[in-house]
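Heads up, the thing below is written out as structure tokens.
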Amino acid sequence: MSNQPKTNRKPTHDVFHVREGKPGSKGFWTRIGAAWMHDDQGGLNLQLEMMPIGKDAGRLVIRVKKPDEQTNAGN
């Protein structure tokens, strides 16, 4: 069994880069990739379109795609 995403499967998660904003704000969120859950639910495969680097690079957040986003992905 391969843990690579199948070409006919849509991503199950979005990957975001988050930079901190002003205190009390939610910061700046940029979608930078997608992720697919392994069939055994034990991990994720990531496909990133960019990789943040540097001392102020922020953090990566992986979020489950919302049902309407999964339906409309790729349209």
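Can you pull out every residue in the stretch 32-68 that is of a type in the set (D, E, K, R) and either surrounded by 13 or more Cβ atoms within 10 Å (Cβ to Cβ) or in contact with a Cys (Cβ under 6 Å, 6 or more places away or on another chain) (or both)? Residues satisfying the conditions are R63, K65.
Residues that are outside any loop (DSSP other than H, G, I, E, B) and either exposed (fewer than 11 other Cβ atoms within 10 Å of the Cβ) or of a type in the set (S, T, Y) (or both) within the stretch 3-31 comprise just one, T30. Can you pull out every residue in the stretch 8-64 that is modelled with pLDDT of 95 or more and touching a helix residue (DSSP H, G or I) at 6+ places or on another chain (Cβ under 9 Å)? Once the filter is applied, which keeps residues that are modelled with pLDDT of 95 or more and touching a helix residue (DSSP H, G or I) at 6+ places or on another chain (Cβ under 9 Å), the stretch 8-64 yields only D14.
The values are calculated or read from the model by the stated rules, or taken from the named source; none is laboratory data. In this text, all values refer to a predicted model and were calculated from it rather than measured experimentally. Neighbour counts run over all protein chains shown; Cβ positions are idealised from the backbone, glycine included.
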